[in-house]
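Contents: one structure, followed by commentary.
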Amino acid sequence: MRTTVDNDAPTAERYRAFAEVEARGMSETYDAWALGVADDPATIALIDELPPAKRQPNLVFSAARFRGSEPAPYDDFRRWLAAHWPEVRETAETHATQTNEAGRCALHVPALAEIPGPLALLEVGASAGLCLYPDRYSYRYPGHGRLDPADGTSRVILDCETRGTEPVPVPASLPEVAWRAGIDLNPLDVTDPDDLAWLDALIWPEHDDRRERLRAAATIVAADPPRLEAGDLNERLAALAAEAPAEATLVVLHTAVIAYLDEAARARFVETVRELPGHWLSVEGRSIVPGIRVRDDVPNDSTDFVLALDGVQRAWAQPHGRAVTWVPNP
């Protein structure tokens, strides 16, 4: 079962858990780097110069790669990091993990198809807003014809393996989106080279397909930028939701965001979103969102996220959108 380590845990423990739970089987480079850090007091001493919330492996490794570190054996990485620590530290202190994976739209689309349209999409933790464009990408689900936008095949084609219930809930068409907006503490702009470079650095070293997809999706978003508001999701959610057009169905969505809130903030968010008109689509780590019954009776991987619609789990989801396992109705 997937476990989490809080910000107050010793750095060695945090990095070992990251290697064994997050990176294992997903990134050979990050697996090796995290295990190396866990057994390296000198590198831990550097990382411990950062505030606890900034010591997270994904942030430190992304900051290093943003500053020029390349995939390499751990001994090479530790020497590079020691030589470039001031600039890596500055990047970690001024940036945040804001992965914006367009592939996650392949998880969202089947759930969105159940909701009467047109839709008003409001994403919390939107980063650069790439997941606000499910209607602009093409999709391939095994055993089904390709789903394309109304104007033809997209330059972004998302492949997603589907498992679980029969028939698999793959829609016949893409949702109609009438309005889209997002909230983020630090919205990113895909037309800004530094912001785009940071999004690139957040993609794990071996995931070249995701890196290519980022660039293609960024081009689509840059041609029709979304409305992105800077602020705390709990402070801005209700007011922004109220601006959605009355003729559209509001859908509040988020993926891998709520884990960054403390327990009180999570509870406040759930209370707020449940009171809003419309629907709520969440894709988060197991046991992260209060009140959702997790379906461990359905086979799943330790790293899978819980995909839920209106607080009820509908599927287990691979975090980057590569696969989804649908669960039977409760």
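The values are calculated or read from the model by the stated rules, or taken from the named source; none is laboratory data. All values derive from a computational prediction rather than experimental measurement. As a convention, Cβ positions derive from the backbone with ideal geometry for all residues, glycine included, and neighbour counts pool all protein chains shown.
When region 39-58 is examined, which residues are found to be more than 15 Å from ARG16 (Cα to Cα) and either in contact with a strand residue (DSSP E or B) (Cβ under 6 Å, 6 or more places away or on another chain) or in a helix (DSSP H, G or I) (or both)?
Selection gives ALA42, ALA45, LEU46, PRO52, ALA53, LYS54.
Restricting to region 254-293, count the residues that are within 26 Å of ARG55 (Cα to Cα) and β-branched (Val, Ile, Thr).
Qualifying residue count for the region: 6.
Pairs, please: C-beta under 6 Å, at least 6 apart or cross-chain, first residue touching a residue at least 40 places away in the same chain (Cβ under 8 Å) and in region 42-56, second in a loop (DSSP other than H, G, I, E, B) and surrounded by fewer than 18 Cβ atoms within 10 Å (Cβ to Cβ)?
Partner pairs satisfying both residue conditions: PRO52/ASN7; ALA53/ASN7.
If you go through region 4-19 one residue at a time, do you hit one that is in contact with a His (Cβ under 9 Å, 6 or more places away or on another chain) and of a type outside the set (Gly, Ala, Ser)?
From region 4-19, those in contact with a His (Cβ under 9 Å, 6 or more places away or on another chain) are none; that's our starting set.
Checked region 4-19: no residue is in contact with a His (Cβ under 9 Å, 6 or more places away or on another chain) and of a type outside the set (Gly, Ala, Ser).
Does region 220-233 include one or more residues that are part of a helix (DSSP H, G or I) and free of Cβ contacts under 8 Å to residues at least 40 places away in the same chain?
Residues of region 220-233 part of a helix (DSSP H, G or I): 220-223, 233.
With free of Cβ contacts under 8 Å to residues at least 40 places away in the same chain added as a condition, the list becomes 222-223.
Yes: one or more hits.
When region 268-286 is examined, which residues are found to be within 25 Å of GLU22 (Cβ to Cβ) and more than 18 Å from the chain's Cα centre (by Cα)? Can you show your working first?
Going residue by residue through region 268-286, those that are within 25 Å of GLU22 (Cβ to Cβ) are 269-270, 281-286.
Across region 268-286, the qualifying residue is only VAL270.
Would you check if GLU123 is crowded, with 23+ Cβ neighbours inside 10 Å and acidic (Asp, Glu)?
Details: crowded, with 23+ Cβ neighbours inside 10 Å: yes; acidic (Asp, Glu): yes.
So GLU123 fits the description; yes.
Read through the list (1) touching a Leu at 6+ places or on another chain (Cβ under 9 Å); (2) surrounded by 14 or more Cβ atoms within 10 Å (Cβ to Cβ), then give the number of the only condition that ALA82 fails.
(2)
Based on what the data block shows, is LEU233 surrounded by 13 or more Cβ atoms within 10 Å (Cβ to Cβ), among the hydrophobic types (A, V, I, L, M, F, W, C) and under 19 Å from the mean Cα position of the chain (by Cα)?
Working: surrounded by 13 or more Cβ atoms within 10 Å (Cβ to Cβ): yes; among the hydrophobic types (A, V, I, L, M, F, W, C): yes; under 19 Å from the mean Cα position of the chain (by Cα): yes.
Yes: the conditions hold for LEU233.
VAL170 passes all but one of (1) of a type outside the set (Phe, Trp, Tyr); (2) farther than 21 Å from HIS108 by Cα; (3) buried (at least 16 other Cβ atoms within 10 Å of the Cβ); which number fails?
Just one mismatch for VAL170, condition (2).
Considering every residue within region 186-198, establish whether at least one is part of a strand (DSSP E or B), more than 26 Å from ASN300 (Cα to Cα) and in contact with a strand residue (DSSP E or B) (Cβ under 6 Å, 6 or more places away or on another chain). Show your work before the answer.
Here is the first cut: in region 186-198, the ones part of a strand (DSSP E or B) are none.
Looking through region 186-198, none of the residues is part of a strand (DSSP E or B), more than 26 Å from ASN300 (Cα to Cα) and in contact with a strand residue (DSSP E or B) (Cβ under 6 Å, 6 or more places away or on another chain).
Do you know which of the residues in region 194-216 that are touching a Ser or Thr at 6+ places or on another chain (Cβ under 9 Å) and small (Gly, Ala, Ser) is nearest to MET26 (Cα to Cα)?
ALA201
Any chance you could count how many residues in region 204-219 are closer than 16 Å to LEU158 by Cβ and touching a residue at least 60 places away in the same chain (Cβ under 8 Å)?
Step one: filter region 204-219 for residues closer than 16 Å to LEU158 by Cβ, giving 207-219.
Next, only the ones that are touching a residue at least 60 places away in the same chain (Cβ under 8 Å) stay: 207, 210, 213-214, 216-219.
Within region 204-219, residues that are closer than 16 Å to LEU158 by Cβ and touching a residue at least 60 places away in the same chain (Cβ under 8 Å) number 8.
Being under 18 Å from the mean Cα position of the chain (by Cα), at pLDDT 95 or above, aliphatic (A, V, I, L, M) and over 20 Å from ASP200 (Cα atoms) is the requirement here; does LEU107 meet it?
Yes, satisfied.
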